[in-house]
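Structure first, then comments.
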Amino acid sequence: MKLYLSSYRMGDHFSELQEMAEPQARVAVISNALDYISIEKRLEYSLTHFDWCDFFNSNGFEAEELDLRKYFGSPDSLSEVIKTFQVVWVVGGNAFLLLRAVHASGLNQCLAPLVRSDQIVYGGFSAGAVVAAENLRGIELMDDPTAIVDGYPATKQPWDGLGLVDFLIVPHFQSEHEEAPAAEKAANYMAANKIKHQTLRDGEVIIVRGQKMEIRPAV
């Protein structure tokens, strides 16, 4: 199993992800955690600030957007599509909205076996790192668990993540980020309630290779 879990954007150790993946690996960029933001504003941001597909494509990968909304209620179709990628990169935003998309599309069923068998490298930041956990209890102190947008099934909010790690990641901890105070509250809550967790400062990255986990510091 190979994981690259960052607090903010790519973190400070992108070369490690490059080493994990095959040359010119196909990357599925999943940004459903941002579905509460209009398409127009997201497009403007990608044109003026940062575009994940452009970033990966300019760094030796072949990336394309994978919108989980297209596979709501069609898990078998997603299962076939996801096998065509070697890397899945999940963008930050609202972790609970992302989790709704993960469950509605069936990504929670098809992705983990591919990651555990080294067929896919899993990476993500903020919400994308958070959903790698078994359960998101405590993250409601950072993100709104009731967030839902048009096109999403109005089902009960799921709490189970992808189960790739046995701890919950608290991103933006003690960082110059607007969510840093909420991260502090979440970490304190998890410590008080004996919820296994790992805080990450912006720039820091959790690297998992097989059974070995390391935390790379911000530089």
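Where a number appears in this text, it was derived from the coordinates with a stated rule and is not lab data. For clarity, every value in this text was computed on a predicted model and none was experimentally measured. Here Cβ is always computed from backbone atoms with ideal geometry, including for glycine, and neighbour counts include all displayed protein chains.
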| Taking segment 35-159 on its own, what percent of its Cα-Cα pair distances exceed 26 Å? | 20 percent
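Taking segment 2-216, how many lysine pairs are there with alpha carbons less than 19 Å apart, if each pair must be eight or more places apart or span two chains? All intermediate terms of the calculation are to be shown ahead of the outcome.
Details: K2/K83; K2/K212; K70/K83; K185/K194; K185/K196; K196/K212.
So the count of such lysine pairs works out to 6.
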| remark: Any helix of the chain counts here only if DSSP assigns it H throughout, its Cα atoms span 30 Å or more along the axis, and its mean Kyte-Doolittle hydropathy is at least 1.0, and such helices are none
| remark: Projecting the Cα atoms of G124, G163, M142 onto the charge dipole of segment 95-164, where Lys and Arg contribute +1 and Asp and Glu -1 at Cβ, the residue farthest towards the positive end is G163
| said: If N is the number of residues in the chain, what value comes out of its Cα radius of gyration divided by 2.2 N^0.38 Å? | reply: 0.94
| query | Can you give the three extents of the C-alpha atoms in segment 93-187 along their principal axes, from longest to shortest, in whole Å? | reply | 36, 32, 18
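If you place +1 on the Cβ of every Lys and Arg and -1 on the Cβ of every Asp and Glu, how big does the dipole about the Cα centre of the chain come out, in debye to the nearest 20? Can you show the working numbers first?
Numbers: 19 positive and 30 negative charges, 138 e Å.
Using only the charged Cβ atoms, the result is roughly 660 debye.
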